Amino acid sequence: MFTRHGRKILMIGIFMVLIGLAFYIYFLTILGSILIFSSVISYPFFYSSINLKNVEIIRELDKKKGFCDDYIMVKITIRNNGNKSIDYLEIEDKIEDPLAFNVVLGENRISTRLDGNSEIKFSYVLYLRRRGIYRIGPTKIRIKDRLGYLVEEQEISSYSTLLVYPTYDDVRRMEAFASRRRQGLIFGAHRTKQKGMGTEFFGIREYVVGDEFRRIDWKATARTGKHMIREFESEKNIRVIIFLDASKTMTTGSVYNNKLEYSIRAALLLSKLALERHDQVGLVVYSDKVKYFIEPRGTANQFWRILEVLARIKAEGPKKIYNAADFTVKRVKNDAFIFVISDMEDISRYFVSAIMLLRSYKHEVVVVSPFGPYFEASALADMDPTDRALLEAISEEAWERRIKIQEKLKRMETNALNVSPQDFFPLVIQEYLNMKKRGGSGIV
């Protein structure tokens, strides 16, 4: 087909011929005929000389999985398997979601000449901006004639799937911040008070039949005249289950930093921290139904199982946490510490019933709740006074509903934390450490 340039030349030629014939201006008639002839004569030669089937495109990624804020190199190889040269070839490697990537080095398109039975390569680097599953492709091919009058286009349905994990920067910051000594005090192993064969001294008691002789404290025995036994604290690992709300209301905020994205990052940080402390971690992702369920485990590859799920989560549908709670109690027979990460918006009375169900199975529950207006605060400056007043009124009403829910949860000995982007991660970590120290439910 004709390019825009080719159509323009053809239309000018026709116009000049018509004007020349109408006003007997033979020069215009001849010039217009030349333009028309130059546009049309190349048509059969062009289409007889090209064959898009001879053009082969190969795409290679240096890795098919990466963390948000990382970089991925894409290499494109273009082969001309035919004998004839292609004078003007344009290749564009399309990206499915432009919001998910930035091309930071090179370009995802090229214009070149390609001789017969030869190949050419080009590459570009993508900056991964957004968590999720994405496709790179298809590849668009455009071949033009030498004058740029004619073009033939084709899309090659070749796709490369790319899985983008949540950002790992939060974990890196925690690890960089915590030196070995400080890590033990802030993010480290907090012992659950259980008597056993540990290293931390617990106390001395009188010997009873069946105690090991190696545990006798001879100094205390000499002092009291009775055989005395030394007891130590042993660290007990706990079982943690993260309930992650993936309903539609969790998308409040910007595309990159909404409630769901912060919740996913908090779940990632909590999972990493707990698994490093040899605790068991499980994950339940729900909206109107359970989307993903990972049974609590403390194995080496559990973190990667959780990471794979966190990368794939999409916010959709209403929230029905009772379905998730009922699903979980039927599959997890032992009690656990449960983190419910939910905005508590658009919930029915079944939200409280779901917490009650979990508590009835002796699970200890804490609700971590991102409050929507906190995540919309960055947009307040751009709002007009009317919209700002409306948002503040809605926020006040939402806060009152939240307080009523928290009072009901408190009667079930369930704490509910209101979190913002600034204190989301510290509060989650601190609550985990409090659970670790408290013991009680969830001990493995």
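Bear in mind that the values in this text are calculations on the coordinates, not laboratory data. A quick note: this is a predicted structure, and the numbers were derived from the prediction, not measured. Quick reminder, even Gly has a Cβ in these numbers, built from the backbone with ideal geometry, and neighbours come from all protein chains shown.
Note on region 258-321 and region 131-145: Cα centroid distance 32 Å, given to the nearest whole angstrom.
The ASP97 and LEU31 beta-carbon pair, evaluated with R₀ = 41 Å, returns a calculated FRET efficiency of approximately 0.25. Of the residues ILE19, ILE294, ILE136, the one with the fewest other Cβ atoms within 10 Å heads the list, and the complete ranking is ILE19, ILE294, ILE136. Is the C-alpha gyration tensor of region 52-165 telling us rounded, prolate or oblate? Criteria: a/c under 1.5 is rounded; beyond that, a/b larger than b/c is prolate, otherwise oblate. It is prolate, given that a/c is not under 1.5 and a/b is the larger ratio. DSSP bridge analysis restricted to the chain gives an antiparallel fraction near 70%, rounded to the nearest 5. Note the listed values [x] 19, 35, 24, 15, 5, 1, 0; [y] 26, 53, 20, 1; [z] 18, 53, 28, 1, then indicate which one is P(r) over Cα pairs in 20 Å bins from 0, in percent calculated from this particular structure. This structure yields the entry labelled [x]. Gain on full extension, evaluated as 0.36 nm per residue between THR224 and GLU276 minus their Cα-Cα distance, stands at 14.4 nm. The modelled label-to-label distance for the pair PHE213/TYR350, using points 7 Å beyond Cα in the direction of Cβ, is 6.4 nm.
Can you put ARG131, ARG215 in order, fewest other beta carbons within 10 Å first?
Numbers: ARG131 24, ARG215 13.
Placing the least packed residue first, the sequence is ARG215, ARG131.
Cross-link pairs exceeding 29 Å between alpha carbons, from the set LYS226/LYS437; LYS330/LYS436; LYS63/LYS236: LYS226/LYS437; LYS63/LYS236. Among complete DSSP H helices in the chain, those whose alpha-carbon atoms stretch at least 30 Å along the helix's long axis and whose mean Kyte-Doolittle hydropathy reaches 1.0 are 26-49. Listed from fewest to most Cβ neighbours within 10 Å, the set PHE37, PHE2 follows the order PHE37, PHE2.
Using a Gaussian network for the chain with springs between C-alpha atoms less than 10 Å apart, which of these wobbles most: TYR256, TYR134, TYR207? Ranking TYR256, TYR134, TYR207 by mean-square fluctuation puts TYR207 first. Working ranking of peptides 116-128, 163-175, 52-64, 271-283 by packing, defined as the average number of other Cβ atoms within 10 Å per residue, highest first, is 271-283, 163-175, 116-128, 52-64.
Note on region 77-110 and region 1-52: Cα centroid distance 31 Å, given to the nearest whole angstrom.
Per residue, the average separation of C-alpha pairs within less than 8 Å and at least 6 apart gives region 52-165 a relative contact order of 32 percent. Label sites at LYS408 and ASN51, each approximated as a point 7 angstrom past Cα along Cα to Cβ, lie 7.2 nm apart.
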